[in-house]
1. Could you work out how far apart the two model spin labels at SER247 and LYS137 are, taking each label as a point 7 Å from the Cα in the direction of the beta carbon, and quote it in nm?
2. As a test question: what accessible area, to the nearest 10 Å², does ARG196 have when a 1.4 Å probe is rolled over all protein chains in place?
3. Quick check for you: with a 1.4 Å probe and neighbouring chains kept, what is the accessible area per residue of the stretch 118-268, in Å²?
4. Using Cα-only point scatterers and the Debye equation, what is log10 of I(q)/I(0) for the stretch 118-179 at each q in 0.21 Å⁻¹, rounded to two decimals?
5. On average, how much area does the Cα convex hull of the stretch 139-293 cover when viewed from any direction, in nm²?
6. I'd like the distance between the alpha-carbon centres of the stretch 131-192 and the stretch 214-249, rounded to an integer number of Å.
Amino acid sequence: MRRFLTTLTIAFICGILAIPTIEAQNRRGGRNGNTTEQTQRSNRNSANRNERKQSSQSKHNNNRVDNKKKADAQRPDNKSKISHGQRPGNKTNTPHNINHGNRHNHKPQPPHNHRHYGDNHHRPAHVAPPVRPHRPKAHVYHRPAPPRTIVYHSRCPVITTILGINLGTAFNVSINYLHNNGYIIDGYGNDMIYLRNAPQLSLIWPDAILHYGRNGLIGSEFSYSTSHYDLSRYNQVYSTFVTQYGSPISYNSSGGNITATWWGREGYVQLQFRHDYSHNGQLRYYTTLSFGL
């Protein structure tokens, strides 16, 4: 009996001693399980964050590509290009130049601001010139009367063309020629064609008029004006004509007005300096070159 009690007591003590070890093992096992679970949860959260980050970056990159495509499509460089100073269909844009040649052969370059009077069957019969304050007053053309006795010589002027247009050329034909050769046509009507900045004798004349009759072109007037008494243009042209034709056949000076005329077997040349009122009523001093049949 005593041996039985002794054995039972030893077993009880051994059981008491084994309980802390089991609890410690359970606690260690619990901690390890929680750590593993936390690690797995952290890995899942990190994977989710990486996935969202990659998705956000992908959307951002797609938006940048789309915006770049839109910007490229709207950029002016990608549109049809027209170089400065050129028009579609033209290789170059000819600058505005006026050649100063002799009075028989002028072919200036077309200006940019002249009216369009090209070959057109629907051209109006009359186009009034624009108001320009210094233009001389319009008047009826009269051929100057030659003196009763004239002694012609080899240096007398022979007039056959005006600005490259043959005397006797029809009105409509003249307009087409002037337009196609780049002259500035200000207007026309009543047997007159008004020109602006017409070249003659290597000079530019602000106002010019071509006169027509039943047989076509018969005469012309080229005018230059100043606000004061100035003979410089007159003296320059007079010197040129004296060199070419000699002294004028007729000459008149009165009241500050001067008229010199050279006559030929075909046509005349006349140079005037006079004071007169302009189109808008201002007093101007005009140097006028006229020649024709």
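The values are calculated or read from the model by the stated rules, or taken from the named source; none is laboratory data. If you're wondering where the values come from, they're calculated on a predicted model, not measured in any experiment. A quick note on method: Cβ atoms are made from the backbone with ideal geometry, for glycine too, and the neighbour counts reach across all protein chains shown. For accessibility, only protein heavy atoms count, side chains too; no ligands or nucleic acids. Shrake-Rupley method; radii C 1.70, N 1.55, O 1.52, S 1.80 Å.
1. Distance between label points: 3.5 nm.
2. 60 Å²
3. On the way: 7700 Å² over 151 residues.
Here the per-residue accessible area is 51 Å².
4. So the normalised log intensities are -1.15.
5. Averaged projected hull area, Cα only: 9.5 nm².
6. Each part reduced to its Cα centre gives a spacing of 13 Å.
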